[in-house]
Each structure stands twice: as structure tokens, then as C-alpha cells.
1. Using only Cα atoms, what is the ratio of the radius of gyration of the chain to 2.2 N^0.38 Å?
2. Would you be so kind as to identify which of Leu33, Asn44, Phe9 lies farthest towards the positive end of the dipole of region 2-105, taking Lys and Arg as +1 and Asp and Glu as -1 on Cβ and the Cα centre as origin?
3. Using DSSP loop states and a limit of at most 15 other Cβ atoms within 10 Å to flag GluC sites (Glu not before Pro), what is the longest stretch of the chain containing no flagged site?
4. Hey, with R₀ at 30 Å, roughly what FRET efficiency would Ala87 and Glu49 work out to, going by the Cβ-Cβ distance, to 0.05?
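What follows draws every value from the coordinates through simple rules; no lab data is involved. Every value quoted in this text rests on a predicted model; they were computed, and no experiment measured them. Cβ atoms come from the backbone with ideal geometry, glycine included; neighbour counts cover every protein chain shown.
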Amino acid sequence: MSAVFWSTFANEADAERAANALLDEGLIACANLIPGVRSIYRWNGEKGEDREVATLFKTDARLLDKAVARLSELHPYETPAIVGWQADAVAPGTAEWLSSIGSQLT
């Protein structure tokens, strides 16, 4: 089973550092950094807007909880928004690729 999780970062360097750490630790197979995301939000009762770098991380579902927890530790935001989910549909080659990183658990 495959999974993805998503978070935003203040800049590309922070997103890249987190992605490289998760890759090096074997918790993800890939990260897509998407610069220039416009975020409009409410935080601590105030409305805000920023440009951020969105990052989509791809992993094996068996690693999802561990990867999200580790990103929470690595993330420079005080309270990062990190959302993950198991994939309902995955191309066979992608599923094989992502499950290969999870195979290190067995």
C-alpha cells in the first residue's frame, strides 16, 4: 500500500533539508517541492497570507506514521501543518517502487 503526505515550508531550502533527511533515513521515496504556493490562513485568531513551498512526500503506507512524526521533528515551523493519507489508487510501477522502501521493515 502506498501513501503520501503534504506540508508547506517558508522557503525551498527548508523543504529541501527536510526532504533530504527523510530520504537519507529511508522514510520516503520521493519529495516534490512546489515553490510559489500562495497560502491564505487563519492562525492564532488572525488572518494571514504568505508565499510558501508546498511539498508532497511519497512513501509506503507502513512508513507513513513514522515519516509524519519525523517531519514534525525536523520542520522549522513551531506547529507545522502536515497531512497524510493512504493512496486509494496507485499505478503498479509506482506501488512497487514505494513498497520497496517499506520492505526494509521486514
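1. Working: Rg = 14.3 Å, N = 106, 2.2 N^0.38 = 12.9 Å.
Cα-based Rg divided by the globular estimate yields 1.10.
2. Asn44
3. 26-77
4. 0.45
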